[in-house]
Structure formats: C-alpha cells, structure tokens
1. Starting from residues that are touching a strand residue (DSSP E or B) at 6+ places or on another chain (Cβ under 9 Å) and of a type in the set (Val, Ile, Thr), keep the ones in region 189-237 and report whichever is farthest from Met255 (Cα to Cα).
2. Considering region 34-54 alone, what residues qualify as being more than 19 Å from the chain's Cα centre (by Cα) and surrounded by 13 or more Cβ atoms within 10 Å (Cβ to Cβ)?
3. Among the listed residues Pro96, Pro86, Pro90, which satisfies the condition of being farther than 23 Å from Ile14 by Cα, modelled with pLDDT of 95 or more and not acidic (Asp, Glu)?
4. Can you tell me which residue within region 180-214, out of those that are part of a loop (DSSP other than H, G, I, E, B) and without any contact (Cβ under 8 Å) to a residue 40 or more places away in the chain, is farthest from Phe134 (Cα to Cα)?
5. I'd like to know if region 55-65 contains one or more residues that are in a helix (DSSP H, G or I), surrounded by 18 or more Cβ atoms within 10 Å (Cβ to Cβ) and not aromatic (Phe, Trp, Tyr).
6. Could you list, ordered by first residue, the pairs with Cβ atoms under 6 Å in which the first is in region 255-268 and of a type in the set (D, E, K, R) and the second is outside any helix (DSSP H, G or I) and crowded, with 16+ Cβ neighbours inside 10 Å, at least 6 apart or interchain?
7. Given (1) part of a loop (DSSP other than H, G, I, E, B); (2) in contact with a helix residue (DSSP H, G or I) (Cβ under 9 Å, 6 or more places away or on another chain); (3) among the basic types (Lys, Arg), where does Arg36 come up short, assuming only one miss?
8. Identify all residues within region 172-208 that are among the hydroxyl-bearing types (Ser, Thr, Tyr), farther than 21 Å from Tyr122 by Cα and either modelled with pLDDT of 95 or more or under 19 Å from the mean Cα position of the chain (by Cα) (or both); write none if there are none.
Amino acid sequence: MRVDVHTHIFPPDIVRDRSHFFDHEPAFRLLYDSPRARLATAEDLMNAMEECGVDYAVTFGFPWENMELARRHNDYVLESASRYIPRLLPLCCVQPLQKGASSEARRCLEAGARGLGELAVYASCDEKHALACFQDLVDCCRGFNGVMMVHANEPVGHFYPGKAPVGIELFYALARLARGMPLILAHWGGGLCFYELLKREVSEIMASVFYDTAASPLLYRTSIYRIAVEVVGAQRILMGSDFPLLSPIRYLNEMNEAGLALETVGAIAGKNAAGLFGLSS
C-alpha cells in the first residue's frame, strides 16, 4: 500500500488565474507568484496517484488570510474527498492566527475532515500569541480524534519561498501542547527530529509526533532517511510528496538509494499512514 500524506489541491478557478487571488494574500503570492510553482486540482491529483501507484492521499488547501476564501477552499477539498471516497482524505486548512480559525476548523471536522493541516505561519509573529491560537486548534482537533499537520522548516541554509522565520522552538512547544494527539510535523519537522537524540525530555514530548518527508529531495541528502530511521524509528516517518511539487516516485527512489530495507520502505510509504488514518489494504 502507498499513502501520500502531503498533497495540495486548489479549486479550478484558482488554478486558472492565480494572480486574481494575490491581493491581501502575501503568503500565497510568495509561494505561487512564479508560474513554475504548480497548482493542481483534485482531478490532477487523482491522475498522478494512478500514474504513481498511490492508493490514498491526504489532501488539503491553503492557509488563506481571507476566511471566506479559506471556507470555500475547504469546501472544495471536502467535496473532492466525497467524490473520490475513500482515496482522498481531507484535512481542514486555516491560518492559525486568523480570527475564526477554530470555528472553521470545527465546521470542517463536523463535516468529515480527518484533521487539520497543513497549518502554517509564514511570517514573523509573537510566538506566545501563536501558541495560544494553536492551543484552540489542538483542543478542537483532539475533540474529534483528528490528526494535525503543521508546516515546519529548517532555521538555517538557503532561502526559498515559504521558508518561514518561525523557529523550531515553537514547534517543540506545540508538540508539548499536543501531547498524546497525533501531530505531523511536515518537512522532517524542520530538523527537530534530530533533537530526539537528547537524553532527557524530548523523546517523551515527541512520542506522538510523526515526521513527513515533504520536499526532502530539494533539501536533504538521501542519507536523511537512514539517519532519521535510526533516530526516531521508521514507524514515525510518513511519505509526503508535497504534490504537485514533486512526484512520490522521487521519494521512493531516494529511500531505495539510501539503502533502506524493503520492510522499512513499506512502512514509510504507506503502512504507518494506514495505521494512523485507519486505512484498509
């Protein structure tokens, strides 16, 4: 079984004319101003899944500043998932710092969303305030036995669109808030996974944290798979492609290049996510 836990889909009108949605949406403009930054519809995702042999995909929209646009996008994701039952697993996406984010999260969870994500804060913020906002979302998600996915990125290295200034201290504090609830930290948790080598506290705080591989071929050497398996265990690593950024095949090839055992590749590529989301083979 193959499960891609990190895919983005957009309504057709946004795919057709993205520039119409740039006003008052600095994060969307930052990530998608370049025509080389691909946007995909649900149909595009389904076609890619067929080509790559992916059985299930966790999918979501974008953390819009405009809550009306966020609701419309979430509705598109929910409708797409209902159209392609059971292969698409919808998450509700909100901008965590926006007023009304927790209300929109509850609305979507009541409508069948499997959790919240990919939640992202792309600009500088007061981290104490951000944690208070995340607390509301954690409480909401926990109440529905949902899964939460949060964007994280490494604090050093080259700049790229979407590389947020928010530090990994925030994501560690978030893991503390979400203890006992499944929390996926995207993009290897921005390197937070490596701190699980510390002897005290961290491994306990991070016990219910999963790490996805989204954008890994653009960021890390292939040896990260072998090293991360040694540090956190294969059972807490999930294959996420960041579709349409990259194909899942790229990740499978890198796992093989890293010399992972077939059983380990199978766990990362699908078995772990199947257990997390209650999927059948």
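The values are calculated or read from the model by the stated rules, or taken from the named source; none is laboratory data. Computed from a predicted model, the values in this text were never measured in an experiment. Here the Cβ is made from the backbone with ideal geometry for all residues, glycine too, and neighbour counts use every protein chain on show.
1. This residue is Val209.
2. In the first step, residues of region 34-54 are kept if they are more than 19 Å from the chain's Cα centre (by Cα); the result is 34-36, 43, 47, 50-53.
Scanning region 34-54 gives Glu43, Cys52.
3. On the way: Pro96 fails: farther than 23 Å from Ile14 by Cα; Pro90 fails: farther than 23 Å from Ile14 by Cα.
Criteria check complete, one pass: Pro86.
4. In the first step, residues of region 180-214 are kept if they are part of a loop (DSSP other than H, G, I, E, B); the result is 180-182, 186, 198-201, 206-208, 213-214.
Next cut, without any contact (Cβ under 8 Å) to a residue 40 or more places away in the chain only: 180, 198-201, 206-208.
On the way: Gly180: 15, Leu198: 25, Lys199: 27, Arg200: 25, Glu201: 21, Met206: 17, Ala207: 19, Ser208: 17 Å.
Once the filter is applied, the top-ranked residue is Lys199.
5. Start the filter on region 55-65 by keeping residues that are in a helix (DSSP H, G or I), which leaves none.
No, every residue in region 55-65 fails to be in a helix (DSSP H, G or I), surrounded by 18 or more Cβ atoms within 10 Å (Cβ to Cβ) and not aromatic (Phe, Trp, Tyr).
6. Within 6 Å, the pairs are Glu257/Thr222.
7. With respect to (1) part of a loop (DSSP other than H, G, I, E, B); (2) in contact with a helix residue (DSSP H, G or I) (Cβ under 9 Å, 6 or more places away or on another chain); (3) among the basic types (Lys, Arg), Arg36 is out only on (2).
8. Filtering region 172-208 down to residues among the hydroxyl-bearing types (Ser, Thr, Tyr) leaves 172, 195, 203, 208.
Those still in the list that are farther than 21 Å from Tyr122 by Cα too: 195, 203, 208.
Tyr195, Ser208 - these are the residues of region 172-208 that are among the hydroxyl-bearing types (Ser, Thr, Tyr), farther than 21 Å from Tyr122 by Cα and either modelled with pLDDT of 95 or more or under 19 Å from the mean Cα position of the chain (by Cα) (or both).
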